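The structure under discussion appears below in the form of C-alpha cells.
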Amino acid sequence: MRSGSSPEDPTILYGDPWLLVVLKPSGLLSQPGRGDHLQDSLITRLQRLRGEHHLVHRLDRDTSGVVLVARCLDSLRRCSALFAARRVNKLYEAEVEGQLHGRGRIDSRLARLDRDPPRYGDHPQGRPSTTLWRVRARQEDSTKLWLRPLTGRSHQLRAHLAGIGHPILGDPIYGEGSMTPLRLHARALGFQHPFTGRRLRVFTRQDDDNHAG
C-alpha cells in the first residue's frame, strides 16, 4: 500500500499488524536529534499519524530508502533480534567518485574519529565491519554500485567507500560535497517475518514504483 503525497504522511511500502516498511526521504532524520530544531523526524511523523511505532534501525539523515518500523514492543524485540543475528539482507545503491571495476569486499575496524560533525574511519580499537560491493554501471567520472553491508556500523558505507578512495557523491563529510543530495539509497530489505515465518522482501525501483513480495 502507499500513502498520500503530503510531507506529513510518510510513504508506506509494506504494512501488516506487526510491522511497516517505510520510505525515508533524503534530508529527514530517522529519529529526533538534540535541540528543538531537530525534532522533526520519520518516527515522530509516524507516531503522530499512527500512534505507537518504534524504529528497528536507522538511516543517516542524508540517506534515503527503506526503513523497518515495529508497531509494538514485541515486534520491536523480534525484529531487533533479526538484525542482531545478521539475518536481515540489506541492499543499497550508491554512486561514487572515480572508476571501480568488478566486485570487492571492504573489511575494517570502524571507530568515531571526530564528533562534530561525526566522522568514522579505520582504527585499531574500532568495531569490525564488512561491506560487499559490485559495479552496477560506470559513468565518465563516477561508478554506480550495489552495496551489501554485512554489519551495521554508523556511517559504514560512507566511511568504507571513502577509505578506498571512492567517496559517495554528494557526501559533505567524507567527500567534497555538492549541491546535490547524497547519492546513497537503501534499495531493499529481505528477512523472514518474525511472526508469520514468511520470507519478505521489500524494495523500491528507480521509477519510484514500490513493491513488496
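The values are calculated or read from the model by the stated rules, or taken from the named source; none is laboratory data. Keep in mind it's a predicted model, so treat the numbers as computed, not measured. Cβ sites come from the backbone with ideal geometry, for glycine too, and all protein chains shown count toward neighbours. Protein only, heavy atoms only, side chains kept; ligands, DNA and RNA dropped before computing areas. Shrake-Rupley method; radii C 1.70, N 1.55, O 1.52, S 1.80 Å.
With the structure loaded, tell me whether Arg109 is open to solvent by 60 Å² or more (accessible area, probe 1.4 Å), modelled with pLDDT of 95 or more and out of contact with any His (no Cβ under 8 Å at 6 or more places or on another chain) or whether it fails that test. Before the answer, list the steps.
Details: open to solvent by 60 Å² or more (accessible area, probe 1.4 Å): yes; modelled with pLDDT of 95 or more: yes; out of contact with any His (no Cβ under 8 Å at 6 or more places or on another chain): no.
The answer is no for Arg109.
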Query raised in the report: Within the range 178-193, can you find the residues that are open to solvent by less than 30 Å² (accessible area, probe 1.4 Å) and part of a loop (DSSP other than H, G, I, E, B)?
Result: Leu182, His193
Query raised in the report: Do we find that Arg87 is part of a loop (DSSP other than H, G, I, E, B), over 14 Å from the mean Cα position of the chain (by Cα), charged (D, E, K, R) and over 20 Å from His160 (Cβ atoms) in this structure?
Result: yes
Query raised in the report: Across the range 130-158, what is the total count of residues that are surrounded by 14 or more Cβ atoms within 10 Å (Cβ to Cβ) and closer than 16 Å to Arg58 by Cβ?
Result: 8
Requested in this report: For residues that are under 20 Å from Ala137 (Cα atoms) and either open to solvent by 50 Å² or more (accessible area, probe 1.4 Å) or modelled with pLDDT under 90 (or both), scanning just the range 200-213, find the one that is nearest to the chain's Cα centre (by Cα).
Outcome: Thr204
Query raised in the report: Regarding Gly197, is this residue in contact with a strand residue (DSSP E or B) (Cβ under 7 Å, 6 or more places away or on another chain) and at pLDDT 95 or above?
Result: no
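Among the residues that make up the range 88-99, is at least one of them in contact with a Leu (Cβ under 9 Å, 6 or more places away or on another chain), surrounded by 18 or more Cβ atoms within 10 Å (Cβ to Cβ) and over 28 Å from Phe191 (Cα atoms)?
Let us first name the residues in the range 88-99 that are in contact with a Leu (Cβ under 9 Å, 6 or more places away or on another chain), namely 88-97.
So of that shortlist, the ones also surrounded by 18 or more Cβ atoms within 10 Å (Cβ to Cβ) come out as 90-97.
Subset that is over 28 Å from Phe191 (Cα atoms): 97.
So far as the range 88-99 goes, yes, one or more of its residues are in contact with a Leu (Cβ under 9 Å, 6 or more places away or on another chain), surrounded by 18 or more Cβ atoms within 10 Å (Cβ to Cβ) and over 28 Å from Phe191 (Cα atoms).
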Query raised in the report: Given the residues Leu42, Leu19, Leu46, which is the only one that is crowded, with 19+ Cβ neighbours inside 10 Å, at pLDDT 95 or above, touching a strand residue (DSSP E or B) at 6+ places or on another chain (Cβ under 9 Å) and among the aliphatic types (A, V, I, L, M)?
Result: Leu19
